[in-house]
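**Q** Sending over a structure as structure tokens; questions will come in a sec.
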Ligand code: BTN
């Protein structure tokens, strides 16, 4: 995790825009010596930041590194708690596993685990999630909302909206959401969300939201079995997207929606979700763990449950399934 001094330093650059910040100013602001400021700046340089140091003016950050670093995410991050504690790893089995361990150690709400690569990324329904190095966003966010267990799935829908809004902001393209948690572009999946809980009786200790976002993979980078069904922002937009900027945008949209949700409940989120929904009103097949139900998707309830009407007019409430359009 980042030292508090480093966070303050990056906050100062976040607010300074193009201006130079002098060593003296930074030292006073963050409460350390000028030599300590210089050491932090050298560490940033080693991480791949391009810095300018001009006599009598001070420091300026010109360029951030290609690889995602926790420092790069903190630089320009405008949230107050989402993403403020970053646990960054180069290569892991699964960010979910690490987030589960951290969550049981009482780390603050909003802590996030980010990895450049996952060796055995977890998807829904015990599937694998393909997570190659340096091209995607593989991260798990720890939340501690005071809500009943039954409402936890609403946070999956909220996350999908936050990611869709961030993608729109960053690419100008509008994604679609397939209930409950797939984000699609041109019918292909570019994001999956996996929500897991730590709870006792009816009390949620923490919710761990895993997000897998295909950002800069080329079509041929996907294994053949995924090429027909998966895509990336690079393929859809035709140009690479900064992963760090997308992460910051997701954190910003997430925090705003999450605070709205805690204050006003799921209804305003539901309206936003419906604006991106692709399955509603259509004939779909819902494959649950035990059976498959075919029918028209009528919408989602105020709790985020999918409502389906089959050909006999019977209404089904679907809590968890894979949807085929
Ligand atoms: C899905 O099956 O659609 C959900 C995929 C979720 C993948 C993400 S990547 C980050 C986090 N760590 C994991 O092992 N899985 C989730």
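**Q** Would you be able to say whether some residue in the range 200-214 is more than 15 Å from the chain's Cα centre (by Cα), under 19 Å from residue 129 (Cβ atoms) and in a strand (DSSP E or B)?
**A** No, that holds for no residue.
**Q** Collect the residues in the range 276-296 that are part of a strand (DSSP E or B) and more than 27 Å from the chain's Cα centre (by Cα), keeping them in residue-number order.
**A** Matches in the range 276-296: 283, 284, 285, 292, 293, 294, 295, 296.
**Q** Could you list, in sequence order, the residues of the range 59-97 that are surrounded by fewer than 16 Cβ atoms within 10 Å (Cβ to Cβ), within 16 Å of the ligand (Cβ to nearest atom) and touching a residue at least 40 places away in the same chain (Cβ under 8 Å)?
**A** 91
**Q** So residue 119 ticks every box in (1) within 13 Å of the ligand (Cβ to nearest atom); (2) within 22 Å of residue 251 (Cβ to Cβ) but one. Which box is left unticked?
**A** Only one criterion is unmet by residue 119, namely (2).
**Q** Continuing with this model, one more query. Wholly within the range 20-97, which helices (runs of 4 or more DSSP H) include no fewer than the required count, namely at least 2 residues that are at pLDDT below 90 and out of contact with any helix residue (DSSP H, G or I) (no Cβ under 8 Å at 6 or more places or on another chain)? Spell out how you get there, then give the answer.
**A** Working: elements: 23-30, 34-47, 70-74.
It comes to 34-47.
**Q** So, one more: For the range 131-146, give me the residue count where each residue is surrounded by fewer than 21 Cβ atoms within 10 Å (Cβ to Cβ) and at pLDDT 95 or above.
**A** 2
**Q** Exactly one of these conditions fails for residue 218: (1) within 23 Å of residue 157 (Cα to Cα); (2) at pLDDT below 95; (3) surrounded by fewer than 16 Cβ atoms within 10 Å (Cβ to Cβ). Give me its number.
**A** So residue 218 meets the others, but not (1).
**Q** Next up: Does residue 3 satisfy the condition of being closer than 30 Å to residue 193 by Cα and more than 21 Å from the chain's Cα centre (by Cα)? Explain how you work it out, then say what you get.
**A** On the way: closer than 30 Å to residue 193 by Cα: yes; more than 21 Å from the chain's Cα centre (by Cα): yes.
Judged against the criteria, residue 3 is a match.
**Q** List, please: which pairs have Cβ atoms under 6 Å, are six or more places apart or on different chains, and start with a residue in the range 208-222 that is more than 24 Å from residue 195 (Cβ to Cβ) and end with one that is assigned to a helix (DSSP H, G or I)?
**A** 216/234; 219/235
**Q** Quickly run through the range 111-129 and pick out the residues that are within 18 Å of residue 190 (Cβ to Cβ), in a loop (DSSP other than H, G, I, E, B) and under 17 Å from the mean Cα position of the chain (by Cα).
**A** 123, 124
**Q** Restricting the search to the range 98-116, which residues are near the ligand (Cβ under 9 Å from one of its atoms) and under 24 Å from residue 227 (Cα atoms)?
**A** Passing the criteria: only 115.
**Q** Take residue 313 and tell me if it is on the phi > 0 side of the Ramachandran plot and either assigned to a helix (DSSP H, G or I) or at pLDDT 95 or above (or both).
**A** Taking the combined requirement at face value, the residue satisfies it.
Residues are listed down the side, and each one gets a yes or a no for (1) within 14 Å of the ligand (Cβ to nearest atom); (2) assigned by TED's automatic domain parsing to the domain that holds residue 243; (3) in a strand (DSSP E or B):
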{"site": "131", "(1), (2), (3)": "yes, yes, no"}
{"site": "141", "(1), (2), (3)": "yes, yes, yes"}
{"site": "147", "(1), (2), (3)": "no, yes, no"}
{"site": "154", "(1), (2), (3)": "no, yes, no"}
{"site": "157", "(1), (2), (3)": "yes, yes, no"}
{"site": "160", "(1), (2), (3)": "yes, yes, no"}
{"site": "163", "(1), (2), (3)": "yes, yes, no"}
{"site": "173", "(1), (2), (3)": "no, yes, no"}
{"site": "183", "(1), (2), (3)": "yes, yes, yes"}
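**Q** So, one more: Let me spell it out: the conditions are (1) more than 9 Å from the ligand (Cβ to nearest atom); (2) free of Cβ contacts under 8 Å to residues at least 12 places away in the same chain, and residue 127 meets all of them except one. Which number is the exception?
**A** Looking at each condition in turn, residue 127 falls short on (1).
**Q** Residues that are surrounded by fewer than 12 Cβ atoms within 10 Å (Cβ to Cβ) and closer than 24 Å to residue 186 by Cα: does the range 256-273 have at least one?
**A** So far as the range 256-273 goes, yes, one or more of its residues are surrounded by fewer than 12 Cβ atoms within 10 Å (Cβ to Cβ) and closer than 24 Å to residue 186 by Cα.
The values are calculated or read from the model by the stated rules, or taken from the named source; none is laboratory data. All of these numbers come straight from a predicted model, not from anything done at the bench. Note that we place each Cβ from the backbone using ideal geometry, even for glycine, and neighbour counts take in every protein chain shown.
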